[in-house]
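The values are calculated or read from the model by the stated rules, or taken from the named source; none is laboratory data. On a predicted model such as this, the values are computed, not experimentally measured, just so you know. Using ideal geometry, Cβ is built from the backbone for each residue, glycine included, and neighbour counts are taken over all protein chains shown. To get the accessible areas, we keep the full protein, side chains included, count just its heavy atoms, and leave off ligands, DNA and RNA. Shrake-Rupley method; radii C 1.70, N 1.55, O 1.52, S 1.80 Å.
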Amino acid sequence: STVSINSLKNSLLKLECHFTWTLLKQDVDLHHLEETTEDQVEFFTESNITNYNLLSYICHLKDSNEEALRNLQKAEEAAQKNNPDEFDWRIVVTWGNYAWIYYHMKRYEEAQAYVSKVENSCKKLSSAAQGKIQLPEIYAEQGWALLKFGEKYYERAKQCFETALRSEPANPRFNAGYAIVMYRLEDFSRRRCEDISPSLQPLKRAVELNPKNTFIMVLLGLKLQDLKKADEGERYIEEAMRINPDLPYVQRYAAKFYRRKGELDKALEILKKALAVIPKSSFLHHQVGLCYQKKLFQLKKTTKYPPQEQTEELIRLAIFHIKVAIDQKTVFFSAHMDLANMYAEGKMYKEAEETFRKALDISILSYDDKQTYYYHYGNFQRYCRRSESEAIRYYLEGLKIEKESYGRNRCIQALTKLLEGRIQRGSEDATDFGTLGLVHNLNGEKQKAIECYEKALALRPNNEEYLSALCELRLSI
């Protein structure tokens, strides 16, 4: 009764489950993903099949296959509880995961048994004749899993939900998944100065189809706030808080809404309630830290000589909470930037340096993260270390990544302002003119670039670098 391992492997590769969706563990903080998924099991019971499936895969990635099997059992129980009368196609994903885990445990007969289970269920479907399962539920499951693995996967998640919606355009769950991924992609595109495909309509549609989905409702509120329709946005936030006042996932976005509105005490009150329920949430701690940071900036803006003990206390609180956020989620890039900047506010330069270094060591940084990093680190060199030359060096690093983003634009602005200031103060340094020439050139301002390079050459004749840059520019006009 030995199973041929080769043919088993071929069958396994045809399954639709977490093992065949190329979800790579180097793209996430596994410990953090496990904690957030466990929290969601508690609060979003209707998604428990999805969450237990994901947990079993996380356990496998952490080399605890026994624990992985226990989670799959829970997924099966959830499928039975949800609709005992009809077959829930999401269970096919669970069986696929079972097959793979047994395979990894070298329990080949059991693996084969689950492969057969999937194959037999799918024989009932005409679309699966060619061995590939094409069910909207399965595409949606894949979409949810991809969503959890971070921004690298959002584009694929979007395609999965779109495919599912082609079969069932009015399905509330598929619409919710699609709206969430569009909301995140829009944020992502904005940072990268790319064309934005708006999420407003998908969010509105998802709320229409499921007026009880408070998670989507608060996202819609934030989206409207982005679009300068804060009053309409606040109505959704208030409605969500009325339906689900104690759901931390509603509270966290409601708090974000009030923080951005400037109602910091209200935001903090909501966040503290949510933290009482999920005390380890990195998202919540980060939001609390941002509230204290904003309180500090407000105090500095409105008071000429803010009382020292008050500013120190706000800095201490901001640092404390943002640090907790990073301890919980080590790859939390924007929290690293906020923490480093708060250390700088408190003149704790050694800690700031260390935090900047850790931020750059995060393995999953995108190019726009790096550009943002160089902007903040350049500022740190300029205002805290009082080194304009180092600031110039780091702003330039951000520019050299020649892809547009919000972070890169900030590098350009800071660098232009700094160099022009130096030149106005009478700098006779050829390097300043040369660097400004480079900035104008990267910015597509060729005439301005030529003028700068000419001034640089007047100060440093025969400089190879400036000569060749000037030649190239003149030829390109």
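A few notes on this one:
- Compared with the dominant Cα axis of the chain, that is its longest principal axis, helix 367-379 is turned about 40°.
- 11 Å reach of a label modelled at ARG242, 7 Å along Cα-to-Cβ, counting backbone N of the stretch 196-210: none
- Along the stretch 229-240 the Karplus relation, 6.51 cos²θ - 1.76 cosθ + 1.60 evaluated at θ = phi - 60°, assigns HN-Hα couplings of 10, 5, 5, 5, x, 5, 4, 5, 4, 5, 5, 4 Hz to successive residues, with x for each Gly and Pro.
- For the chain, the solvent-accessible area with a 1.4 angstrom probe is 49 square angstrom per residue.
- Cβ-based net charge around LYS417, under 13 Å, with every Lys or Arg adding one and every Asp or Glu removing one: +1
- On a per residue basis, the convex hull of the C-alpha atoms belonging to the chain measures out at 197 Å³.
- Backbone amide hydrogens, once placed in the peptide plane, bring ARG192 within less than 5 Å of TYR406, excluding anything fewer than 5 places away on its chain.
- Axis of helix 172-191 versus longest Cα principal axis of the chain: the two differ by about 20°, to the nearest ten degrees.
- Estimated FRET transfer efficiency (SER121, ASP265; beta-carbon r; R0 60 Å; 0.05): 0.65
- Gain in span if fully extended, GLU465 to CYS193, counting 0.36 nm per residue against the direct Cα distance: 94.8 nm
- Rounded tilt (10° steps) of 446-459 against the dominant C-alpha axis of the chain: 50 degrees
- Dipole magnitude of the chain about its Cα centre (Cβ charges: Lys, Arg +1; Asp, Glu -1), debye to nearest 20: 700 debye
- Rounded to the nearest 10 square angstrom, LYS272 shows an accessible area of 110 square angstrom against a 1.4 Å probe.
- Computed in the context of the full set of protein chains, the accessible area of the chain at 1.4 Å probe radius has 49% of its extent on carbon or sulfur.
- For the stretch 357-477: relative contact order, % (alpha-carbon pairs under 8 angstrom, 6 or more apart): 17 percent
- Within-14-Å neighbourhood charge of ALA458 [Cβ basis; K, R +1; D, E -1]: -3
- Measuring nothing but how far apart in sequence close Cα pairs (under 8 Å, 6+ apart) lie, relative to its length, the stretch 428-476 scores a relative contact order of 37 percent.
- Estimated at the nearest 10 Å², the accessible area of MET105 is 50 Å² with a 1.4 Å probe.
- Computed over the Cα atoms of the stretch 161-232, the ratio of the radius of gyration to the Kirkwood radius (Rg/Rh) comes to 0.98.
- Estimated [θ] at 222 nm from DSSP helical runs (n ≥ 4, -39500 (n - 2.57)) normalised by residues in the chain, nearest 500: -24000 deg cm²/dmol
- Convex hull volume of the stretch 5-133 per residue (C-alpha atoms, cubic angstrom): 109 Å³
- When you count the other C-beta atoms within 10 angstrom of each residue and take the mean per peptide, 72-78, 160-166 line up highest first as 160-166, 72-78.
- Phi to ³J(HN,Hα) by Karplus 6.51 cos²θ - 1.76 cosθ + 1.60 over the stretch 465-475, Hz, x for Gly, Pro: 4, 6, 4, 5, 4, 5, 4, 4, 5, 5, 5
- The mean sequence distance of close C-alpha pairs (under 8 Å, at least 6 residues apart), as a share of the length of the chain, puts its relative contact order at 8 percent.
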